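Report on one structure; see the data block that follows.
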Amino acid sequence: MSEPITSEPTTLDTHVLQRNAEHLAEKYAGVFSRETVERYVFESYATLSRTAKVRTYLASTATHFADNRLRALAQAEGKIASPVPQVLFVCVHNIGRSQIAAALLAHQAGDGVEVRSAGSLPGSEVHPLVTQVLAERGIDLAGAYPKPLTDDVVRAADYVITMGCGDACPVYPGKRYLDWEIDDPAAQTREGVEAIVDAIDTRVTALWDELRSAAQA
């Protein structure tokens, strides 16, 4: 019989999380207190553990997620600089459309933007066909994982692009909101996923052109 899924960390994971929280506290010294950093790390673990399909590296993944959220929060509060546009892609499960868009924009723009993705109801793993199709285009999603939509990443974003998540995303003034009508790859054939990637690639290219033009204005 398999062990029940719980959001409580194992003893080993607790040690890993505490050690990683100490490293992050040093990274964000003068920005956030150690207590805040530790809370973010353990909250991130509890959140991801509810949906994670593979738990072997969950403590490390949760630390990465916490780091990303802390950076976003620091940017939103003006505690660290945001020298490039901050773009957030949101779909329902963060296993297909938003992962594709984030990967394609990061691939095209490199260090010219900072890209994040999230889901209003995150799934357990990135869609295997999405990973395969992007890999054949030279984009590695091996380390990608579904992430829940959190307030900190929305606050940090300059552009928020939604794809099928309705009104789940909070609205803040001073941000550019776009809604892209893109089919969900979840039930698509390989050819369908390829067509979705092509459609998103076209929109991402246009977005990157817009971002570059705005930076040069």
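Every number here is computed from the coordinates shown, using simple stated rules; none is lab data. Worth saying up front: this structure is predicted, and the values here are computed from it rather than measured. Here the Cβ positions follow ideal geometry from the backbone for every residue, glycine too, while neighbour counts run over all protein chains shown.
Only loop residues by DSSP count here, and only those with at most 16 other Cβ atoms within 10 Å; note down the chymotrypsin sites (Phe, Trp or Tyr not before Pro) in the stretch 19-66 that meet that.
Working: sites: Tyr28, Phe32, Tyr40, Phe42, Tyr45, Tyr57, Phe65; in loops: Tyr28, Phe32, Tyr57.
Sites meeting the loop and neighbour criteria: Tyr57.
Looking at the stretch 91-144, which GluC sites (Glu not before Pro) are DSSP coil and have at most 12 other C-beta atoms within 10 Å of their C-beta? Show your work: numbers first, answer last.
Values: sites: Glu114, Glu125, Glu136; in loops: Glu125, Glu136.
In loop regions of the stretch 91-144 (DSSP not H, G, I, E or B), the sparsely surrounded GluC sites (Glu not before Pro) are Glu136.
Below 8 Å, C-alpha to C-alpha, sequence gap of six or more: please give me the relative contact order for the chain in percent. Can you show the working numbers first?
On the way: 330 pairs, mean separation 40.3, N = 217.
Contact order relative to length: 19 percent.
If you plug each phi of the stretch 97-107 into the Karplus form 6.51 cos²θ - 1.76 cosθ + 1.60 with θ = phi - 60°, what whole-Hz ³J(HN,Hα) values come out, in order, with x for Gly and Pro?
Per-residue couplings from phi come out as 4, 5, 5, 4, 4, 5, 5, 5, 5, 4, 5 Hz.
Read phi for every residue in the stretch 123-133 and hand back ³J(HN,Hα) as whole Hz from Karplus 6.51 cos²θ - 1.76 cosθ + 1.60, θ = phi - 60°, with x for Gly and Pro.
x, 9, 7, 5, 4, x, 5, 4, 4, 5, 5
Give the Cα extents of the stretch 8-81 along the principal axes, in whole Å, largest first.
35, 21, 14
Quick one: order His93, His64 by neighbouring beta-carbon count within 10 Å, fewest to most.
Numbers: His93 23, His64 17.
Final ranking by Cβ density, sparse to dense: His64, His93.
At 222 nm, what value in deg cm²/dmol follows for the chain if DSSP H runs of at least 4 each add -39500 (n - 2.57) and the sum is divided by all its residues, to the nearest 500? Before the final figure, lay out the partial values.
Details: 7 runs with 106 residues, N = 217.
One gets -16000 deg cm²/dmol as the mean residue ellipticity at 222 nm.
How large is ³J(HN,Hα) for each residue in the stretch 29-42, as worked out from phi by the Karplus curve 6.51 cos²θ - 1.76 cosθ + 1.60 (θ = phi - 60°), to whole Hz, x for Gly and Pro?
3J(HN,Hα) across the stretch 29-42, in whole Hz: 4, x, 10, 10, 6, 4, 5, 5, 4, 4, 4, 4, 5, 6.
Pairs of Cα atoms under 8 Å, at least six residues apart: use those to get the relative contact order of the stretch 25-100, whole percent.
Computed value for the stretch 25-100: 22 percent relative contact order.
What is the sum of charges, Lys and Arg at +1 and Asp and Glu at -1, for the other residues whose Cβ falls under 10 Å from the Cβ of Gly164?
Values: positive: Arg97; negative: Asp179, Glu181, Asp183, Asp184.
Charge balance near Gly164 sits at -3.
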